[in-house]
Each structure stands twice: as C-alpha cells, then as structure tokens.
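What follows is a short report on a single structure.
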Amino acid sequence: MTVEYVNIMEAARRCGVSDKTIRRWIHAQKLRAHFPHPNRCEIAVSDLEPFLPGHLPGQGEEPLESRVATLERQVQALERQMQQLLTRSVASRAERPSPRRPREHPTGPLPRHLVSVLAFAELHRIPEQKVLAHIEISLLRVHRGTWTDHDGQLVTLALDAKERQAFHHLYHETPMFAPCKQCPHALPGHV
C-alpha cells in the first residue's frame, strides 16, 4: 500500500486554510510532515483527515450532523426554559398588586425624539416577539404611552436615543440583524 503525499499548498487547499496555517500546525507538531529534501515538505493525505472541513479537532469521530442535531436540541431546551421563565414572570406580576401609584401614560402625537419599538424592530429585522419578550423581562427599556405616529398608526411602546443604542447593542450580533443608516445609534454629542 502506497501512501499519498501532498505539499503544503495542496494540504492548505484541501483543508480550506492558508499555507501559513499548515506551517503553524507543522511547527506546533499538530500535523506530521516529512522533509525528504531541503526546502521540500510532504504531508501524508491520511494525516490531513482530522483537519478537513467538517471535522473539528478534539471532536473525535462524531459526525458533523450529529453535533448539529445535539446543538439544536440544546437550543430548543433553552428556548423552552426562556418561555417558562417569561410565563412565570407574567403570572407573578398579575398576582401581586403594584404598590406604586399607576403612572399616567402620555397621549397624542409621537414625540420627535421617540420611535416606535415595533417599527424599529421591523427596520432591523428583529422578530417582534423576541423584542417584546426582552421588554417584558426588562432587558430592553422603553417609553410607554398611547401615541400616533406620522402615518396615523397607534404606538404604545417607543425608544429614545439611549434606548435605540441599547437596542443596537443587544441585537447587532444576531444573524438576522439588518443595520440601518444610523447604526450603531451613537448618542448625540458622544463619540
């Protein structure tokens, strides 16, 4: 049985990394290499197996599909836990009377310094339910009232400049986030 060898450039191409990365792996003794001649490096194709795309080091022989399925199950479990916490939070708030005097909610046209939470979420492609859940658990602060925007739409939740910046900070790394022209929503007078 003959062993197939490749050079550093071919190893890099097969592994989907740069030739410098292959050289670093060889230098760190993560990848075996043979030097039959000065300035000539050969790597056995069989030694590249753990470095091929879809096969992460330290993951053993578990297939990528199996690891993805495990991660999906973990995400579903976390989502269920989050929903349970939200349900408990809403139920506990409904059971206990508020010791504070209820605030009067402002009404009328939406002030110029505020924007509708739902319109802002839609602009940035963040699901409405996700934003409302984060407002419910006080992860995202908002202004509450009953206003109408310039299109005549009813607005009950709004963001000011500081809250828009917090919105950006909270969601900008989510895969679905779509930045707008004003992102990252720096506060006026701040750098």
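Kirkwood Rh over alpha-carbon pairs of the stretch 133-191, then Stokes-Einstein at 4 °C and 1.567 mPa s: what D in µm² s⁻¹, rounded to an integer? This corresponds to a translational diffusion coefficient of 100 µm²/s.
Pop the C-beta distance of Gln129 and Asp47 into the FRET formula with R0 = 45 Å and round what comes out to the nearest 0.05. E between Gln129 and Asp47, to the nearest 0.05, is 0.40. FRET efficiency for Asn7 and Arg67, Cβ-Cβ distance as r, R0 = 35 Å, nearest 0.05? E(calc), rounded to 0.05, equals 0.65. For the stretch 107-171, the normalised intensity computed at q = 0.13, 0.16 Å⁻¹ comes to -0.30, -0.46 (log10 of I(q)/I(0), Debye sum over alpha carbons, equal scatterers, no solvent). Taken over the alpha carbons of the stretch 5-51 as equal point scatterers, the Debye sum produces base-10 log I(q)/I(0) values at 0.16 Å⁻¹ of -0.34. Under the simplified labelling scheme, the Lys162-Lys20 pair shows an inter-label distance of 4.4 nm, with each label point 7 Å from Cα along Cα→Cβ.
Label positions at Gln153 and Arg141, each projected 7 Å from the Cα along the C-beta direction, are separated by 2.5 nm.
Backbone geometry of the stretch 151-156 corresponds, through the Karplus equation with coefficients 6.51, -1.76 and 1.60 at θ = phi - 60°, to 3J(HN,Hα) couplings of 9, x, 7, 6, 10, 10 Hz, x marking Gly and Pro.
Quick note: the coordinates plus some simple rules give every number you see, no bench work behind them. All figures in this text were calculated on a predicted structure; none of them were measured in a lab. All Cβ positions, even for glycine, are placed from backbone atoms using ideal geometry, and neighbour counts span all protein chains on display.
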